[in-house]
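The values are calculated or read from the model by the stated rules, or taken from the named source; none is laboratory data. Since we're looking at a predicted model, the values are computed, not measured. Virtual Cβ from ideal backbone geometry, glycine too; neighbours counted across all protein chains shown.
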Amino acid sequence: MAKRKTPLLVGAGILLVAAISGIGAMGLGGDDGEGAKQQPRTGATVTVTRGTLTEKAVLDGELGYGPDVPFLVKAQGTITWLPAPGTTVERGEAVLRVDDRPVVLLYGALPVYRDLAVPEAAPEEAPDEAPDPTPAPPAELKGMDVKQFETNLAALGYTGFTVDDTYSDLTAHAVKQWQHDLALPETGTVKAGDILYTPTSIRTATATARPGAPAEGSPLGYTSTRRMVTIQAPPADLAWAHRGTHVDVQLPDGKKATGTIGTVGKEAAAPPEGEEKTDPEISVTVTFDDKADLGRIDEGPVTVQYTLKQREHVLTVPVAALVALAEGGHGLELADGESFVKATTGLFADGKVEVSGPGIHEGLKVRIPE
């Protein structure tokens, strides 16, 4: 994944040091407000202009479908089929097949942790035992996992039961219909290995196993079906990044798009063992406001920009026009090469600096010292 080890701040104040280094300190001299006469100097002249300065944070990112998430498969047996990488899988479709049985994708946040079935009645008592006049009914299977499954069953078009937190005989009857449509034994019981949950539809990633391998661990991963940008950077470089923050994205083909930060990692991850040691980084994802801006681009390096500061309708000059004054502060050398005016600096951005002070006005010509 592309990432910038040293994030760039467009308009960072350190540009000032580079601009005025090597320039001898100069004094204004005299008592008038127009500056003192100095030895004529050479150098290009520029004009003080009025405009907007924008300081931006600029980071490298990677366009794709987001980070891979591993499937934790509970089915036991041999993998007999896996989808091709990049396959979109929706609710009710098979993610993989184990012992030629489909493992079906459903939507939800709660992971599978048990089988779903109607509890069996207590066994009949032996003839020599006195019968219990009021045998206790079998305990009902209840839970949010039941409701999550029933919600999916109803969304797939199966009826005849109530979507609630109880796995009833009516639920089991609908499950048998579902199993019939999947060409499975009609048991009315949903094994933990029969289903997988994700929040929504998924796009399959590259498999880490192959058909014929045991179904264990995470043989397959998935990503989002939506194209997005992933940024990896130290937390200090992403202090401005919050869910909902709007950013600009320069695409691999040079075109620009707008996006919104969708997720911000909470914990910084150290680089994998064996890789060059760097500062721990967090992951940030950016979704696009209009996917039509992407055209057919699926992946590639991008540049993400966020506006940190902006000053409108201010007087600006190239940073290189600043000179250090002997009495402290900065000044501008007038185009005649013989006098200077003191300048108060503001925002630095895009190689320019905001300036103000007596005698500084739009259209004033100043010299860039050599």
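So, Val366, is that one crowded, with 18+ Cβ neighbours inside 10 Å and more than 30 Å from Thr258 (Cβ to Cβ) or not?
Working: crowded, with 18+ Cβ neighbours inside 10 Å: yes; more than 30 Å from Thr258 (Cβ to Cβ): yes.
In short, yes.
Could you list, in sequence order, all residues of segment 186-217 that are over 28 Å from Pro301 (Cα atoms), outside any strand (DSSP E or B) and either outside the structural domain of Thr171 (by TED's automatic domain parsing) or not hydrophobic (A, V, I, L, M, F, W, C) (or both)? Glu186, Thr187, Gly188, Thr189, Lys191, Gly193, Asp194, Arg210, Pro211, Gly212, Glu216, Gly217 - these are the residues of segment 186-217 that are over 28 Å from Pro301 (Cα atoms), outside any strand (DSSP E or B) and either outside the structural domain of Thr171 (by TED's automatic domain parsing) or not hydrophobic (A, V, I, L, M, F, W, C) (or both).
Count, please, the residues in segment 284-298 that happen to be among the polar types (S, T, N, Q) and buried (at least 19 other Cβ atoms within 10 Å of the Cβ). Break it down into steps so the answer makes sense when it comes.
From segment 284-298, those among the polar types (S, T, N, Q) are 285, 287; that's our starting set.
Subset that is buried (at least 19 other Cβ atoms within 10 Å of the Cβ): 285.
Residues meeting the conditions: 1.
Restricting attention to segment 221-237, the residues that are in contact with a strand residue (DSSP E or B) (Cβ under 6 Å, 6 or more places away or on another chain) and either surrounded by fewer than 19 Cβ atoms within 10 Å (Cβ to Cβ) or of a type outside the set (Gly, Ala, Ser) (or both) total 11.
Looking only at segment 285-303, filter to residues that are in a strand (DSSP E or B) and touching a Leu at 6+ places or on another chain (Cβ under 6 Å); which one of those is nearest to Ala236 (Cα to Cα)?
Going through the qualifying residues, I end up with Val302.
Note on segment 46-65: residues that are in contact with a Gly (Cβ under 9 Å, 6 or more places away or on another chain) and over 30 Å from Glu362 (Cβ atoms) total 4. Screening Gly244 against (1) assigned to a loop (DSSP other than H, G, I, E, B); (2) surrounded by 20 or more Cβ atoms within 10 Å (Cβ to Cβ) leaves a single unmet condition, (2).
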